[in-house]
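The values are calculated or read from the model by the stated rules, or taken from the named source; none is laboratory data. Small disclaimer: the values here were computed from a predicted structure and weren't measured. As a convention, Cβ positions derive from the backbone with ideal geometry for all residues, glycine included, and neighbour counts pool all protein chains shown.
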Amino acid sequence: MADGNRSKAQRSTKKRGRAGPAALEELALTAGQSEHVKTVRVDVKKDVSLEDPHRVQMSKIGKAPQLQLSDDRLTVTGYKGFRTCRCSHGVHQGTWYCEAKITRLGKTGHVRLGWCTKKAELQAPVGFDTFGYCYRDLEGSKVHDGKRESYGQPYAEGDVVGLLIHLPPGGRALESIDRTVSRFKGSLYYVDEPEPKPQVLAGAAVAFSMNGVDQGVAFTDILEGTYYPAVSLYTLPEELGGAAVTMNFGPDFLYPAPQVPGQGPVNAMCSNATPIAEHVAVEGGTSAAPKESDTLAVLPALSLQSAASEALRRQHRRSSMTQMADLHQVIDQQVQAVSCSGDRMT
């Protein structure tokens, strides 16, 4: 039996290979002589934003799966219980504004509107945790970290709520948008760095309005970070039509934005979209955008945001090329049919 175990171990050692001098030397290194970093495989849905950078909409990724979006991704509809959907674009500096119209609540629907970071729980209403701040339809109260306080007027179906956030300079985004990733064996990896703890941003504030009436400052000295407009909806199961909210990210709003102390110029959320650049800047002038063969495949390292943007552009190019090819095919078939008809007539 011992001989059998020994032969099995020998076969296993032979299959794995014996440690050479270089490997033994590496194993002998002490912790002080080597530096180790933790790498994480990129999860496309979690780590890479595949949102259209050129349009501010409600996020198809940053939402509870039970919520539904309209074709233009401006209307959110929810059924059964409180769940949240956030906007596709976030802000970490400046004064920003958007509006939300309560399209439908029915007999059992309720809504909470506000601002949250990506860490906010989507299977709960905004304001449920420390990562969100909201204005509640019932009683017009405000909620943060699950704590409800009196604030403004209640609102209902048909009302328009204005959402404003003011983030003074100095606050950190706390999102690794420009994190560098590298390819290894066909996959993308990035170095897992410890996340900094958010600090209170002095002078930061959140305010709301209801049908143009300023409800006052709801929250002050909020935590730094990147904040997104957020919609939370609730209904009972028997509410077949669900509850719905339609967002307006500007530039044309129904009502003026509320005011907070120290705020600068008010920016419409739509202006946070990335302009579509037809050319890229190069030394000595401009040049046409790079071809598909000059993109991700030849880059040893790239940022997550550029990877997302490039993936979206490649998808659009493939779609356009397919549509053009189909159009040419239809035209060729029509020309051929006309030619055959003419031959028969002569």
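Please work out if THR103 is crowded, with 24+ Cβ neighbours inside 10 Å, under 28 Å from PRO53 (Cβ atoms) and polar (S, T, N, Q). No; evaluated as a whole, the condition is false for this residue. Closer than 28 Å to VAL200 by Cβ, hydrophobic (A, V, I, L, M, F, W, C) and either not assigned by TED's automatic domain parsing to the domain that holds MET210 or not in a loop (DSSP other than H, G, I, E, B) (or both), is that true of LEU122? No. When each of VAL206, VAL231, VAL213, VAL217 is tested for being surrounded by fewer than 17 Cβ atoms within 10 Å (Cβ to Cβ) and either without any contact (Cβ under 8 Å) to a residue 60 or more places away in the chain or within 21 Å of GLY162 (Cβ to Cβ) (or both), the lone residue that passes is VAL213. Return yes when ARG73 is in a strand (DSSP E or B) and either charged (D, E, K, R) or without any contact (Cβ under 8 Å) to a residue 12 or more places away in the chain (or both) and no when it is not. Answer is no for this residue. Of all the listed residues (LYS107, LYS147, LYS119), the sole one being under 17 Å from the mean Cα position of the chain (by Cα) and of a type in the set (Lys, Arg) is LYS119. The set of residues from the range 125-153 being hydrophobic (A, V, I, L, M, F, W, C) and either more than 11 Å from SER232 (Cα to Cα) or assigned to a loop (DSSP other than H, G, I, E, B) (or both) comprises VAL126, PHE128, PHE131, LEU138, VAL143. Scanning for something modelled with pLDDT of 95 or more, surrounded by 14 or more Cβ atoms within 10 Å (Cβ to Cβ) and at positive phi, does the range 142-160 turn up at least one residue? Within the range 142-160, none of the residues are modelled with pLDDT of 95 or more, surrounded by 14 or more Cβ atoms within 10 Å (Cβ to Cβ) and at positive phi. Any residue in the range 82-92 that is out of contact with any helix residue (DSSP H, G or I) (no Cβ under 9 Å at 6 or more places or on another chain), within 14 Å of PHE219 (Cβ to Cβ) and crowded, with 22+ Cβ neighbours inside 10 Å? No: zero hits.
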